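Trainee: One structure, as structure tokens, below. Some questions next.
The values are calculated or read from the model by the stated rules, or taken from the named source; none is laboratory data. All values derive from a computational prediction rather than experimental measurement. Cβ placement follows ideal geometry from the backbone for every residue including glycine, while neighbour counts extend to all protein chains displayed.
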Amino acid sequence: MSAVAVHNGAWVLIGDGRRALFFSNHGDAEILDLRVVETRVEDNPPTREQGSDAPGRAFSSVGAGRSSMGNVDWHELEEERFARAMADRINTAAESGEMKEIVIVAPPKTLGEIRKDLSPKALSKVAGELHKDLTKHPVPEIEKALALKPPA
């Protein structure tokens, strides 16, 4: 399914806007043996449960004009903050030498949010990306999805 090689010692991030699973591959690119490095789970309820439903109002200092302000999507803001936290963790691991390379697996939007906050050094460690949400899959399914298939 994937054309990304997850080498021995490489990190794998399986993430979305609420969960981050960092693994280290103790196997090889064909037979992965993913072991947890770190997990993070954020409680991010829907926007309707996080803030006021009514948009704010702005009053003009001249005249009687008023205008409505847009609704704040608290859920989306929290997902962006969480993606920044994942990028920060990757940056720290890249700068310290804790991680030699990483494969990032996340839905396209989350992947884009992570990528924009990676340092140049962290970007140089990205061995591959996969646009999928595997956060709710068990580890054996993740390993199977990422394993390189030997040539037939």
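Trainee: How about the stretch 121-152: which of its residues are among the hydrophobic types (A, V, I, L, M, F, W, C), surrounded by fewer than 17 Cβ atoms within 10 Å (Cβ to Cβ) and under 14 Å from residue 15 (Cα atoms)?
Mentor: 139, the sole residue that qualifies.
Trainee: Also: I want to confirm something. Restricting to the stretch 94-120 and keeping residues that are farther than 20 Å from residue 24 by Cα and of a type in the set (Gly, Ala, Ser), which single residue is modelled with the lowest pLDDT?
Mentor: Residue satisfying both the conditions and the ranking: 112.
Trainee: Filtering the stretch 89-106 down to residues that are farther than 9 Å from residue 126 by Cβ and not aliphatic (A, V, I, L, M), which residue is surrounded by the most Cβ atoms within 10 Å (Cβ to Cβ)?
Mentor: It comes out as 89.
Trainee: If you check residue 123 against the conditions, is it closer than 16 Å to residue 90 by Cα, free of Cβ contacts under 8 Å to residues at least 12 places away in the same chain and within 17 Å of the chain's Cα centre (by Cα)?
Mentor: When the stated conditions are applied, residue 123 passes them.
Trainee: Every residue in the stretch 107-120 that is assigned to a loop (DSSP other than H, G, I, E, B), under 14 Å from the mean Cα position of the chain (by Cα) and surrounded by fewer than 20 Cβ atoms within 10 Å (Cβ to Cβ), please.
Mentor: 107, 117
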